[in-house]
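Undergrad: Have a look at this one.
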Amino acid sequence: MNKILLIEDEENIRLFTKINLEREGFSVLEAESGEIGLDLALKYNPDVVILDIMLPGIDGFEVCKVLREKIPYIGIIMLTAKTQDVDRINGLESGTDDYLSKPFNPVELILRIKSLIRRLKSIKDNSDLIMLYPFKLDLYSKSFYKAEKEIVLTPTELSIITIFMSNPGRAFSRNELLDMTWGSDFEGDIKIVDVNIRRLRAKIEDNSSKPKYIETVWGTGYRWNSN
Ligand code: CA
């Protein structure tokens, strides 16, 4: 299910849009300000953000700029009420994928969202980069970054991170991780998986005794926390 984040301070527009998007099968997150919207975007990694320009606190342009820096592959559709904003939206540096003028027809919005999701998918499919904030994994150069700082990983650790980051939220058993990383003919101790997870956590977690990225799934194995 595609996740849409709706950043709009006018409650009636939010509600009306949410109802229409949910009817279309989208999962919808709502934010009434840019600040809340940014928090939700980083936490839930939506596919597309519907972003109003006039917001209390930081405005839609500022939100757009931060989103682009932190989540390069996020789709952004701006909502504008003023004609002079259209010039800024169309400006090269705005980072917007599309925009709609208010009042808008929900059917039109849904068409725009679907076409944007299709475009984004083909970009993602052809990319060697996996971005899961604050992490970035470059499969071409085999490098891994946390908040833009490179963390040097061993080939085994890199293989495990690649499995996790390609499947956020999915639980993997120790056996699966062993097969996928060491090969099914590996005859050593399965504890090698835990040893490597411990090392990875020490390298990538903020506090490796309270891991929040690589979660333990009791009785099974491990999972990359997708929240
Ligand atoms: Ca507004």
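The values are calculated or read from the model by the stated rules, or taken from the named source; none is laboratory data. Only a predicted model underlies this, so the values are computations on that prediction, with no experimental measurement involved. Note that each Cβ is placed from the backbone with ideal geometry, even for glycine, and that neighbours are counted across all protein chains shown.
Undergrad: Residues to consider are Glu205, Glu176; find the one that is surrounded by 13 or more Cβ atoms within 10 Å (Cβ to Cβ) and under 28 Å from Arg68 (Cβ atoms). Give the steps one after another, and end with the answer.
TA: Working: Glu176 fails: under 28 Å from Arg68 (Cβ atoms).
Matching residue, one of Glu205, Glu176: Glu205.
Undergrad: Still on this structure, I have one more. Identify the residue in segment 18-48 that is away from the ligand (no atom under 13 Å from the Cβ) and part of a loop (DSSP other than H, G, I, E, B) and, among all such residues, is surrounded by the most Cβ atoms within 10 Å (Cβ to Cβ).
TA: Only one residue fits best here, namely Pro46.
Undergrad: If Asp9 meets every condition in (1) over 16 Å from Ile113 (Cβ atoms); (2) buried (at least 19 other Cβ atoms within 10 Å of the Cβ) apart from one, which number is that one?
TA: Unmet for Asp9, out of (1) over 16 Å from Ile113 (Cβ atoms); (2) buried (at least 19 other Cβ atoms within 10 Å of the Cβ): (2).
Undergrad: Which residue out of Leu15, Leu51, Leu6 is in a strand (DSSP E or B), more than 14 Å from Gly95 (Cα to Cα), within 16 Å of the ligand (Cβ to nearest atom) and not charged (D, E, K, R)?
TA: Answer to the check: Leu6.
Undergrad: I would also like to ask the following. Would you be able to tell me the number of residues in segment 85-113 that are among the basic types (Lys, Arg), more than 21 Å from the chain's Cα centre (by Cα) and not in a loop (DSSP other than H, G, I, E, B)?
TA: Qualifying residue count, segment 85-113: 1.
Undergrad: Output the residues belonging to segment 216-227 that are in a strand (DSSP E or B) and more than 18 Å from the chain's Cα centre (by Cα).
TA: Matches in segment 216-227: Thr216, Val217, Gly221, Tyr222.
Undergrad: List, please: which pairs have Cβ atoms under 8 Å, are six or more places apart or on different chains, and start with a residue in segment 42-57 that is farther than 23 Å from Ser101 by Cβ and end with one that is among the aliphatic types (A, V, I, L, M) and at pLDDT 95 or above?
TA: Tyr44/Leu5; Tyr44/Leu29
Undergrad: Just checking, does segment 140-157 include any residue being over 25 Å from the mean Cα position of the chain (by Cα), part of a loop (DSSP other than H, G, I, E, B) and on the phi > 0 side of the Ramachandran plot?
TA: No, every residue in segment 140-157 fails to be over 25 Å from the mean Cα position of the chain (by Cα), part of a loop (DSSP other than H, G, I, E, B) and on the phi > 0 side of the Ramachandran plot.
Undergrad: For segment 54-84, how many residues meet the condition of being within 16 Å of the ligand (Cβ to nearest atom), touching a helix residue (DSSP H, G or I) at 6+ places or on another chain (Cβ under 7 Å), among the β-branched types (Val, Ile, Thr) and in a helix (DSSP H, G or I)?
TA: Number satisfying all stated conditions: 1.
Undergrad: Looking at (1) closer than 17 Å to Val48 by Cα; (2) of a type in the set (Ser, Thr, Tyr); (3) at pLDDT 90 or above, which is the one condition that is false for Ser94?
TA: Answer for Ser94: the failing condition is (3).
Undergrad: Something else now. Being part of a helix (DSSP H, G or I) and either surrounded by 18 or more Cβ atoms within 10 Å (Cβ to Cβ) or out of contact with any Phe, Trp or Tyr (no Cβ under 7 Å at 6 or more places or on another chain) (or both) is true for just one of Asp185, Asp189, Asp194. Which residue is that?
TA: Asp194
Undergrad: Against the conditions (1) under 15 Å from the mean Cα position of the chain (by Cα); (2) surrounded by 15 or more Cβ atoms within 10 Å (Cβ to Cβ), where does Leu129 fall short? Just the number, please.
TA: With respect to (1) under 15 Å from the mean Cα position of the chain (by Cα); (2) surrounded by 15 or more Cβ atoms within 10 Å (Cβ to Cβ), Leu129 is out only on (2).
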